[in-house]
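Read through the structure below, which is laid out as structure tokens, and then see the notes.
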Amino acid sequence: MLYIKYSVLIYLLSYNKLILVPAKIRHIQNKYLVHCMRVENIVSRIDLNLTPGPIEPPVDVKRTLLLKTISHRSPEFTELYHNIDKLYNKIVGLEHDGETIIMPGSGTLGIDSVFANIVSKDTKALVIDTGFFGQRLADLLSRYTRNIDVAKYPLGTVPDKNDILARIENGEYDIVALVHNETSTGTTIRYLEEIGRRVRHHGGYLVIDGVSSVGAEEIYFSKWEIDAIVTGSQKALAAPAGLSIVTLSNRIIDAFEEFRSKIDRIPYYMDLLEYIRCKREYGWVPTTPPVNVVYAFYKSLEKINNYGIQEYFELHKKRAEEIYRYAVEKGLEPFVNNPKWRSRSVAVFKVEKSTRIVDILRKTYGIQVSAGLGELNNKLIRIGIMGFIETTKVLKTINLIINIAGKKSSS
Ligand SMILES: Cc1ncc(COP(=O)(O)O)c(C=O)c1O
């Protein structure tokens, strides 16, 4: 490392003609630096990625990235898009009363776009905030309306259902927005059905950040009367990053025209009506998507469907239970006390000085996990447990965490 640093320094000094280095040496040095900076060399420092996303997709999913890149305005692409639509809608439980669109971008783009299409400065919104991404949701919304009530709950807890329902019951909210699975703390709200029913009863729209829940959790979009749910390709759907997937109810789509009469401007890239028009008319997306990531996403959805969607949910549930059970036995304390609300896509543990441990795991063992976010930064370790990740790898990592933290592990 020191050698590289010196080489860079000498290289820069000589490049700026501040020191004289013979051309031949400079040439060797240049080749060495180029070698060190190769993408393969940088990435291969990591053996195992156990962060809560982007996750490492299965090999057969990754392999599709190497397929020929075809035009995104071709019948073949339309066929891909059509099949993706069918497979994905089964995972989120959309039953012909809405539309799923794919946007080139990350999950945030989809959420931001939903707000851009339905929120005007008079819109009254309720945000349920259970952590970092709940705050992010309020931040996104605040770009469109200042009329927001944020219901903030202690980190690591899920709000009492009756408390949320009581807030909705006064009927003053046009929009209720929440994060289904709060990735920063590892809590999941598992009573969306009741929330959906009450929000719709009062004529509002339920918007859900499902970035780290779709795939890991049972979701019945139509039955639960959700109006918008957004996810990204890179988490529990086990594909590479690059796609934002937005599912909308017909009810919210039908109201788009009315919303737009009150909204000053909707950026073209975020205009959901344009995505829907292109999909319906041509089976395409309006702009160039990361075509090969679309293949990988398709492959992953196929894989999940072949595995069985219910079985895939069950895999996440059982695996999370086993991981928490093991960690507790070994002396790690889960951040979320009540097992009922613990996430099945990210396992979160209380670990003092966690950033140091995350660093050691990465540098010494080539394992990536995540520390806490925001105020919990140095207090938590978060392990991604999504997709087809093997449980044994997580258990071994837990042992390492315990050892590094100085606690005794019996295996
Ligand atoms: C719950 C949740 N919401 C939103 C995001 C942001 O998603 P993206 O990085 O795909 O934009 C994340 C990312 O980790 C997340 O976990």
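Readers should treat all values here as calculations from the given coordinates under stated rules, not as data from a laboratory. Note that the structure is predicted; figures quoted are calculated from it, not measured. Cβ atoms come from the backbone with ideal geometry, glycine included; neighbour counts cover every protein chain shown.
Projected onto their three principal axes, the Cα atoms of segment 221-324 cover extents of 51, 33, 23 Å, largest first.
Taking 20 Å as the straight-line reach from the Cα of residue 68, the aspartates and glutamates in range (excluding those fewer than 8 positions away in the same chain) are 60, 76, 79, 302. For segment 250-356, GluC sites (Glu not before Pro) meeting the loop criterion (DSSP other than H, G, I, E, B) and having at most 11 other Cβ atoms within 10 Å: 352. Rounded to the nearest 10 degrees, the inclination of helix 291-307 to the longest alpha-carbon principal axis of the chain is 70 degrees. Scanning residues 5 or more positions from residue 152 or on other chains, those with amide H under 5 Å from its amide H are 129, with H placed 1.01 Å from N in the peptide plane. Whole-Hz Karplus values for segment 350-363 come out as 7, 9, 5, 6, 5, 5, 5, 5, 4, 5, 5, 4, 6, 6 Hz, taken residue by residue from phi with 6.51 cos²θ - 1.76 cosθ + 1.60 and θ = phi - 60°; glycine and proline positions read x. Per residue, the Cα convex hull of segment 91-244 amounts to 99 Å³. Among the listed pairs 235/340; 124/340; 31/62, those whose Cα-Cα separation exceeds 28 Å are 124/340; 31/62. In this structure, the amide hydrogen of residue 205, modeled 1.01 Å from its nitrogen in the peptide plane, lies closer than 5 angstrom to those of 175, 176, counting only residues at least 5 positions away or on a different chain.
When each of the peptides 379-387, 353-361, 146-154 is scored by how many other beta carbons lie within 10 Å of its residues on average, the order from highest to lowest is 379-387, 353-361, 146-154.
FRET efficiency for residue 142 and residue 281, Cβ-Cβ distance as r, R0 = 41 Å, nearest 0.05? Working from the Cβ atoms, E equals 0.75.
The calculated P(r) of the chain, using every Cα pair and 20 Å bins from 0, goes 25, 51, 21, 2 in percent. Extension gain for residue 95 to residue 352 (0.36 nm times residue separation, less C-alpha to C-alpha distance): 87.9 nm. For the chain, the relative contact order comes to 22 percent (Cα pairs under 8 Å, sequence separation of at least 6). Helix 107-118 and the longest principal axis of the Cα set of the chain meet at an angle near 30°. Straight Cα distances below 20 angstrom link residue 121 to the lysines 262, with same-chain residues fewer than 8 positions distant left out.
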